[in-house]
Structure formats: C-alpha cells, structure tokens
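The structure under discussion appears below in the form of structure tokens.
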Amino acid sequence: MAPKASPSIASQPPAPADLAASARLAEVDAWFVREVLPLQGALGQMIRHHWRHNDDHADLCQEVMVRAYESALKQGLPDMAKAFVFAIARNLLIDTARRNKVVSFESVNDLEDPLVGLVDHFTPERKAQSNEDLKHLVVALNALPARCRETVVLRKIEGLSQQEISQRMGVSEATVEKQVSLGMRAIANALAGLEVTEARSWLQRTLPFKRKT
Amino acid sequence: MNPPISKRESIEAEAARLLAVRDRLGQAWSSEQEAQLQAWLARDLDHRITWLRLQDAWLRADQLAQTAAPRPSLRGQPFWWPERWLPRWPVAAVASMLLVLVLVSLEQGRYNAPLAQLDAQPIATKAGERRSIALQDGSKVTLNARSRAHTEFASDSRQVWLDEGEAFFDVQPDPKRPFVVHAGKDRVVVLGTRFSVRRDGDTTLVLVQEGKVRVERAPDAGRQQAPLMLEAGAEASLQPESALLQQYTPEQITQALDWRQGRLTFKDRPLSEIAAEFNRYHQRQLIVDPATSDMRIGGSFDIDNLDGFARLMQEGFDLSVRVEGNELHLGQR
C-alpha cells in the first residue's frame, strides 16, 4: 500500500540543520510502511514456528522491526526488504536463544542451517492486501466490545467526526477518543496477524470498563 | 488480577492515545502538539515503529467503508482502483464472423496438434494432450492436458470460458473488442497480451508473460471486490475470498509456461509436486511414497517421457520404482 503522507508532519518546518535528517527519516518511514509492515503476518508466523515459548512473540516481532528500521536508517534501504527482515529475525532468534539459557538449542536448530528452508517459505510475495485486510478488519471489528465497535463503525464506515460521534452516542468526546484509541490498537494487532482470541484477551485486560452481558 | 502491562503495551497505548487525539482534532492539531509528537517519536525507535504501525492500520481501516450497506459510500471509492465493470454488451450483434483457415503452425513442434477452429462448441483435451486453437480474431489459445473451454465472439466482445484445466492465451490486440477470459466467477480482461489461466479446484492462477491484464473478482458475499491489475511477470492466485500476488523474472515465467513446448521445468520443488504435475499429462500415474515426497528436485523434463523420469529417479536419486497396473510407485529402496 502506498504510504499516505501525514499532513501534520509536513506542516512542521524543521530547523535547517535538521532538514537532511528529517528527510532521511521520512524516506525510511515510507519504506517501512510500504515494505516492512506488510510482512508482519509472515514474520509472526515465522517467529511462532521457530519459537515455542508463547509470550514473547509480539515482543520479538517488535524487536525485529526496530532493528530493521535502525539498520535501514544507518546503512541505507536494503534492496530486498523481505530477505533483509527475515535475516534479522533469524539472527535475533539465535541471539536470544544463546543469551537465554532456559531455551535449549534444539528449539532453533533448523535456524542454524542456511536459510534454505526459510527462503523457500518466504519468497518475495505480496498479499493483495485489499481482500486479506478487509477480512482481518471485519473479524477484528466484530470482536470489539459493543461501545468500541460502534465508535469505529461511526468513524470509519459512517465517516462521522469524533465530535459528531459523541453527540450521536451521547457520551463525552474524551470517551470517544478513548474508544478510538482502543479500536485502533485492536485493528492494528489484527492486521499484524495476531489471533483474534489473543486480541480479545488483550482487550479484556486493557479495557477500562466492564462488559455488560 | 490483571497481568502487568508490558513496556511494548504501554508504548502502544501512548501511540494510540496520540493518534486518537490527532484524529479528534484534525486541522486543529496545533504545531505545539506536533512538536511534542516529534519529540516523543525521536526519543525511542520503539515509539516510532509503534506509531507507524498504528497509523498505517488506522488508515487501512478506511477500507471498512466498503462493507457499508449498498448506498453511495461516504468514504469514496476503494483506495487504489476505481470500480469499473464492463458495460453489458448487446447480444444482438453476432454478425460478421470470419472463418480462419486451419493451419499447421511449424513452431508448435511435434507436441501440438494442428490449429483448429474453436467455435461455440466446447473443446477439450485428454490427459497427455495439448492443442493450439486459432480464434476468429487471430488470437491463439493453447490448451494444456485435461482442459476444457468454450468461446463466444461478437462484433464488440471476445469471450472465452475456461471450464477446467489450464490455457495459454496469445491475444491479438483489439481495443474495440475486449478479450475476456472467465475462470469460475473471476474474469480476466485484456486488450492484447500473452498470459495463462489455470484452474485447480477453487483456485485460479493467472500468469502474465507480456502486457497487462485486469482481473475482476466476483462479489464476495455480495460485496464488490476491487479489480487487480497484473503486469508482465505477475502471477495471481485467486481464491473466492483472497488473492495472492507474486512477481517472477521473465526466465521463471518462461519455465512456468514450458508445458507448451512439451517440457516441465522445476527448480527445487518437492517430488510430490513434480509427480502431481506429470500426472496431469498421463493416464499412467506416478505415486510417491510419503517418505520421499519432500525430496527436492530441479531440472527440465520431457513431459511425454514418464519412464525416463522414473528411470532418472531410480538411477540418479536411488529410489525404487514399482509398476502396478497403471501406477508407477516411487519409494525408498
């Protein structure tokens, strides 16, 4: 998906000394959104496949993306984003396994082999995102608690502003804003390929209000 | 008792809060707030990554508007390709059809039967058969083994239904008569190009060698799906609810279309897949023992020489070959 320029970032005139740096950041941002974010699902799959310890997956995924960004910023944009990101993931898993004595090396054994298996699994391919995205979006939307769901529906499907939503629902703007932020997180995690059940348990931990049943 | 909130989750909460504030304020988002945001983003790469991830997801959530009830959408068109369906062509004008001489194309080689005229009659190939068919407009269809198709040509449209199997199309450009291939509920629309369409169960594969085609999806559960544009080198794997796009080099595309020259070319594919491919062309079937089905093999093989392939497996890869009626069993020694 083509990254959409954020008007607010462009409207902020940076100091001349920062111009080159901020142009560089904008370039890496655009690359990251275009090339790396669509890999989240495949990356999560790869990490889950090679890392049997349940809890760390999202953290590992985040760490891979941070490293990818950092490296692209310092060493320039790589030609093959996918191979680049998966090489980072592989190194991170091996490092983590070495550092963490609890993990036996068997659990990452196949990672020590050359990338053969991985490369074959993850040849450059792109989901035609509209269909897949929409499926994930709808599933994520339906999994939201009622009030959060209604807020997202009004904002994204009906196209109302947050002010209009607060009038329509008879709640404060602060409440609408809170629901938007929660819906946004649930949707981001659904698009990243986190199981909806995970997203749901995460929501139940995070939501500030009790669900009425 | 709630589990503790991790560092990642608290960063995510802050990024989402900032985005929600900006979403609420819109134009009223002040330069002061922007400066604070930039400072927060600059403090930690974790912040920046999380912000980009949430911002992108929230933008992509605009697609939810497509699920709105069928009335003019408030959020506009699907975000990259305008909805545009072909006008319904009048059926009346089936008039000036030209007969094309049945020609033998020398370049087809020994594998292809003489070009035959394809009309409204369905045409079909059996196992091991490949046929090239000239269409009235000068376009050419090559049907792979076990395939079936029929056509309907009018003065303003050219339509082919691929009912089963695989076909390669070499389409004569004609802007006034769009060339449409129907594969199940999907349609491939072209003006002039070379591409193949293959049906496997409910999956349709579209592979473009030259030019450009547009794939129009059937509505999924009553909802319109955005068409896909495929350029040379692209392969789309279509299923009722999803589509997967891959880009290949010209060399890979040529390999994938080698069946037209009577060869099958593989690079590092499992034996089971290669056997399935051979089995499309023969009455005699290769049966692969599960223990050897993952064995990786590459090379270019003569489609018709099944025995040669089995012998190669026996001698080159030390597999056992056992003949049982119409079946060739490959297994470990």
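The values are calculated or read from the model by the stated rules, or taken from the named source; none is laboratory data. Remember, predicted model here, so these are calculated numbers, not experimental data. Please note: Cβ atoms are built from the backbone with ideal geometry, for glycine as well, and neighbour counts cover all protein chains shown. For the accessible areas, the whole protein counts, side chains as well, though only heavy atoms, and no ligand, DNA or RNA atoms are used. Shrake-Rupley method; radii C 1.70, N 1.55, O 1.52, S 1.80 Å.
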> Are there any pairs with C-beta distances below 8 angstrom linking a residue in region A:173-194 that is hydroxyl-bearing (Ser, Thr, Tyr) to a residue that is open to solvent by 20 Å² or more (accessible area, probe 1.4 Å), with the two at least 6 apart or on different chains, and if so which?
Replying inline: A:181/B:13; A:181/B:17
> From the list B:287, B:297, which one is in a strand (DSSP E or B), modelled with pLDDT of 80 or more, open to solvent by less than 70 Å² (accessible area, probe 1.4 Å) and over 24 Å from residue B:167 (Cα atoms)?
Replying inline: B:287
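For (1) at pLDDT below 50; (2) open to solvent by less than 50 Å² (accessible area, probe 1.4 Å); (3) not in a loop (DSSP other than H, G, I, E, B), each residue gets a yes or a no:
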| residue | (1), (2), (3) |
| --- | --- |
| A:140 | no, yes, yes |
| A:151 | no, yes, yes |
| A:154 | no, yes, yes |
| A:159 | no, yes, no |
| A:166 | no, yes, yes |
| A:175 | no, yes, yes |
| A:179 | no, yes, yes |
| A:193 | no, yes, no |
| A:204 | yes, no, yes |
>> If residue A:86 satisfies all but one of (1) at pLDDT below 55; (2) over 30 Å from residue A:153 (Cα atoms); (3) under 18 Å from the mean Cα position of the chain (by Cα); (4) not polar (S, T, N, Q), what's the number of the condition it fails?
In response: (1)
>> Can you name every one of the strands (runs of 3 or more DSSP E) wholly within region B:161-260 that holds 3 or more residues which are over 16 Å from residue B:149 (Cα atoms)?
In response: B:203-210, B:212-216, B:228-231, B:234-239, B:242-247
> Looking only at region B:133-154, which residues are in a strand (DSSP E or B) and either in contact (Cβ under 8 Å) with a residue 60 or more places away in the chain or not small (Gly, Ala, Ser) (or both)?
Replying inline: B:133, B:140, B:141, B:142, B:143, B:148, B:150, B:151, B:152, B:153, B:154
> Has region B:224-236 got any residue that is under 19 Å from the mean Cα position of the chain (by Cα), open to solvent by 30 Å² or more (accessible area, probe 1.4 Å), in contact (Cβ under 8 Å) with a residue 12 or more places away in the chain and under 27 Å from residue B:129 (Cβ atoms)?
Replying inline: yes
> If you check every pair at least six apart or on different chains, which have Cβ atoms under 7 Å apart with a residue in region A:58-78 that is in contact (Cβ under 8 Å) with a residue 60 or more places away in the chain first and a residue that is polar (S, T, N, Q) second?
Replying inline: A:61/A:40
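Per-residue answers, yes or no, for (1) within 26 Å of residue B:5 (Cβ to Cβ); (2) more than 9 Å from chain B (Cβ to nearest Cβ):
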position: A:32; (1), (2): yes, no
position: A:37; (1), (2): yes, no
position: A:42; (1), (2): no, yes
position: A:50; (1), (2): no, yes
position: A:56; (1), (2): yes, yes
position: A:59; (1), (2): yes, no
position: A:73; (1), (2): no, no
> Only one residue in B:240, B:175 is out of contact with any Gly (no Cβ under 7 Å at 6 or more places or on another chain), within 14 Å of chain A (Cβ to nearest Cβ) and on the phi < 0 side of the Ramachandran plot, so which one is that?
Replying inline: B:240
> Mind checking which residues of region B:1-50 are of a type outside the set (D, E, K, R), open to solvent by less than 20 Å² (accessible area, probe 1.4 Å) and facing chain A (nearest Cβ under 7 Å)?
Replying inline: B:16, B:19, B:20, B:21, B:49
> If we keep just the residues of region B:300-320 that are crowded, with 16+ Cβ neighbours inside 10 Å and assigned to a strand (DSSP E or B), which is modelled with the highest pLDDT?
Replying inline: B:319
>> If I go through region A:75-87 residue by residue, how many of them are surrounded by 15 or more Cβ atoms within 10 Å (Cβ to Cβ) and either within 21 Å of residue A:23 (Cβ to Cβ) or away from every other protein chain (no Cβ under 13 Å) (or both)?
In response: 7
